[in-house]
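Undergrad: Attaching a single structure in structure tokens format; questions to follow.
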Amino acid sequence: MRDQHVLITGGSSGIGLALACQAAAAGARVSLIARDPGKLATAASQVRADAPAAPEIFTAPADVADEAALVAAIRAAEAANGPVDVLITSAGVARPGHFAEIPVSVFEHTMAVNYFGTLYAVKAVTPSMCARGRGKIVMISSGAGLVGLFGYTAYAPSKFALRGFAESLRGELKPAGVTVSIVYPPDTDTPQLAEENLTKPQETKALTAAGGLWTAEAVARATLEGVRRGRFAVTPGVQLTALAWLHSLIAPVLRWSFDRTTAQVRQRSVTPR
Ligand SMILES: NC(=O)c1ccc[n+]([C@@H]2O[C@H](COP(=O)([O-])OP(=O)(O)OC[C@H]3O[C@@H](n4cnc5c(N)ncnc54)[C@H](OP(=O)(O)O)[C@@H]3O)[C@@H](O)[C@H]2O)c1
């Protein structure tokens, strides 16, 4: 990562911030894009504190769902730090809940940020990467991008969409020397997870508990190590690795097990103590 320009959307918090700290510590020129300028400034200070020898951290506020604003922020980052060598799209939102209670606007917003927010960034940097014959694209998906789960009717499709995008794009960019990776993190202790837990059905909590609770730093380490090794699918932990390898094969068993877990949660919630 030394002397590489690493641009991270969603770099002001959680997994994106942990990636920024580790990339900066490895000598990268880091650029962060997210909406809130205050959070960006705090994040830049934290990256500098963690990696005092790292070059200046560039930040630009933009909503990744607004293509024009995002492209302008990426161009500003390129002007400050040079062409992007590594793009990491970590900006994302999740609003779990029962399907009947989630308004259509949430489905649209989730897709706009998680899928189109990634697509716009990738579109903006790939021409330069292909022209230079090198570059890395790293998309942060989710375990819910491998298997659909109770309570994730808005979130899982946006992360599945990233998987289809990454799988299709990988072969197209390979001849140009540009690699594509997609990361499937398990539950990770971040502000997003805390926010999710406010609306997450008990059934969803029971189902996602199997992957354990990871720190953002551990997910970031696994991500950067996977990217360094040239992995396409990066799966932190045994459960996510097994899921990534076997999800289609074991889908009937998973559905049976998921239904059993959700039925048990429902049973507990109707049985008086
Ligand atoms: N935490 C988990 O358990 C978990 C598990 C699997 C996958 N993931 C995925 O990992 C990624 C990072 O999540 P996290 O848990 O680290 O979340 P987080 O701590 O809430 O960080 C999310 C980041 O995205 C930015 N962001 C959100 N909406 C944005 C928008 N419209 N435009 C630009 N930036 C935006 C946020 O900053 P602003 O709000 O200032 O814009 C923040 O920097 C997400 O894609 C998430 O789906 C998380």
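The values are calculated or read from the model by the stated rules, or taken from the named source; none is laboratory data. All values derive from a computational prediction rather than experimental measurement. Backbone-built Cβ (ideal geometry, glycine too); neighbour counts: all protein chains shown. Just so you know, the surface numbers come from the protein's heavy atoms only, side chains and all, with ligands and any DNA or RNA stripped out. Shrake-Rupley method; radii C 1.70, N 1.55, O 1.52, S 1.80 Å.
Undergrad: Under unit Cβ charges (Lys, Arg +1; Asp, Glu -1), what dipole magnitude, rounded to 20 debye, does the chain have relative to its Cα centre?
TA: That gives a dipole near 620 debye.
Undergrad: Can you give the accessible area of Lys123 in Å² (nearest 10), computed on protein heavy atoms with a 1.4 Å probe?
TA: 140 Å²
Undergrad: Treat every Asp and Glu Cβ in the stretch 1-149 as -1 and every Lys and Arg Cβ as +1, leave all other atoms uncharged, and give the resulting dipole magnitude about the Cα centre to the nearest 20 debye.
TA: That gives a dipole near 380 debye.
Undergrad: As a test question: what accessible area, to the nearest 10 Å², does His98 have when a 1.4 Å probe is rolled over all protein chains in place?
TA: Rounded to the nearest 10, the figure is 70 Å².
Undergrad: Once you put a point 7 Å from the Cα of Ala49 and another 7 Å from the Cα of Arg268, both along the Cβ direction, what distance in nm separates them?
TA: Going by the 7 Å Cα→Cβ label model, 3.7 nm.
Undergrad: Return the distance in nm (one decimal) between the two label points of a simple spin-label model at Val71 and Arg2, each offset 7 Å from Cα along Cα→Cβ.
TA: In this crude spin-label approximation the distance works out to 3.7 nm.
Undergrad: Just from its helices, what would the mean residue ellipticity at 222 nm be for the chain, if runs of 4 or more DSSP H residues each count -39500 (n - 2.57) and the sum is divided by every residue, rounded to the nearest 500 deg cm²/dmol?
TA: -16500 deg cm²/dmol
Undergrad: On a 0 to 90° scale, report how tilted helix 117-132 is relative to the longest principal axis of the chain, with both axes built from alpha carbons and the result rounded to the nearest 10.
TA: 40 degrees
Undergrad: Next question, about the same structure. Helix 155-173 against the longest principal axis of the chain: what's the angle in degrees, Cα atoms only, rounded to the nearest 10?
TA: 40 degrees
Undergrad: Kindly express, to the nearest 10 degrees and within the range 0 to 90, the angle between helix 251-270's C-alpha long axis and the longest C-alpha principal axis of the chain.
TA: 60 degrees
Undergrad: Suppose all protein chains stay in the model; what accessible area per residue would a 1.4 Å probe give for the stretch 70-185, in Å²? Provide the component values of the computation, followed by the final result.
TA: On the way: 4320 Å² over 116 residues.
With all protein chains present, the stretch 70-185 gives 37 Å² per residue.
Undergrad: Over the stretch 5-245, calculate the relative contact order: mean separation of alpha carbon pairs under 8 Å at least 6 apart, over the residue count, as a percent. List each step's numbers first, then the result.
TA: Details: 476 pairs, mean separation 46.0, N = 241.
Result for the stretch 5-245 is 19 percent.
Undergrad: Using each residue's phi in the stretch 17-28, evaluate 6.51 cos²θ - 1.76 cosθ + 1.60 at θ = phi - 60° and report the 3J(HN,Hα) Karplus result to the nearest Hz, with x for Gly and Pro.
TA: 5, 4, 4, 4, 4, 6, 5, 5, 4, 8, x, 7
Undergrad: Okay, moving on. Suppose we keep just the alpha-carbon trace of the chain; what are its Rg and Dmax in angstrom?
TA: 18.6, 66
Undergrad: Could you point to the residue in Gly143, Pro96, Gly133 farthest towards the positive end of the stretch 5-245's charge dipole, with +1 and -1 charges on the Cβ of Lys/Arg and Asp/Glu respectively?
TA: Toward the positive end, the furthest listed residue is Gly133.
Undergrad: If you don't mind, there's one more thing I want to ask. Rounded if a/c is under 1.5, else prolate if a/b beats b/c, else oblate: with a ≥ b ≥ c from the C-alpha gyration tensor eigenvalues square-rooted, which is the stretch 37-84?
TA: The shape class here is oblate.
Undergrad: Further, regarding this structure: Is the shape of the stretch 177-217 rounded, prolate or oblate, going by the alpha carbon gyration tensor and its root eigenvalues a ≥ b ≥ c, with a/c under 1.5 for rounded and a/b larger than b/c for prolate? Write out the running numbers ahead of the final one.
TA: On the way: a/c = 2.43, a/b = 2.09, b/c = 1.16.
Taking the square roots of the gyration eigenvalues as a ≥ b ≥ c, the stretch 177-217 is prolate.
Undergrad: Provide the gained length on full extension for the span Ala206 to Thr241, in nm with one decimal, where the gain is 0.36 nm per separating residue minus the Cα-Cα distance. Walk me through the numbers on the way to the answer.
TA: Details: separation 35, 0.36 × 35 = 12.60 nm, distance 1.94 nm.
Here the answer is 10.7 nm.
Undergrad: Moving to a separate point now. Leaving out ligands, DNA and RNA, and with a 1.4 Å probe, what % of the accessible surface on the chain is carbon or sulfur?
TA: 57 percent
Undergrad: Same structure again: So what J values fall out for the stretch 46-56 if you push phi through Karplus, 6.51 cos²θ - 1.76 cosθ + 1.60 with θ = phi - 60°, rounded to Hz, Gly and Pro as x?
TA: 5, 4, 5, 5, 6, 9, x, 8, 6, x, 3
Undergrad: OK, next. Positive end of the charge dipole of the chain (Lys, Arg +1 and Asp, Glu -1 on Cβ, about the Cα centre): tell me which of Phe116, Ala34, Ala220 has its Cα farthest that way.
TA: Ala220
Undergrad: Using only the Cα atoms of the stretch 65-203, build the gyration tensor, take square roots of its eigenvalues as a ≥ b ≥ c, and label the shape rounded, prolate or oblate: rounded if a/c is under 1.5, else prolate if a/b is larger than b/c, else oblate.
TA: Judged from the Cα gyration tensor, the stretch 65-203 comes out prolate (a/c at least 1.5, a/b above b/c).
Undergrad: Along Cα→Cβ, 7 Å out, is where each label goes; now give me the distance between the ones at Ala25 and Trp256 in nm to one decimal.
TA: Result: 4.4 nm between the two label points.
Undergrad: Whole Å is fine, so just give me how far the alpha carbon centre of the stretch 116-164 lies from that of the stretch 1-72.
TA: 18 Å
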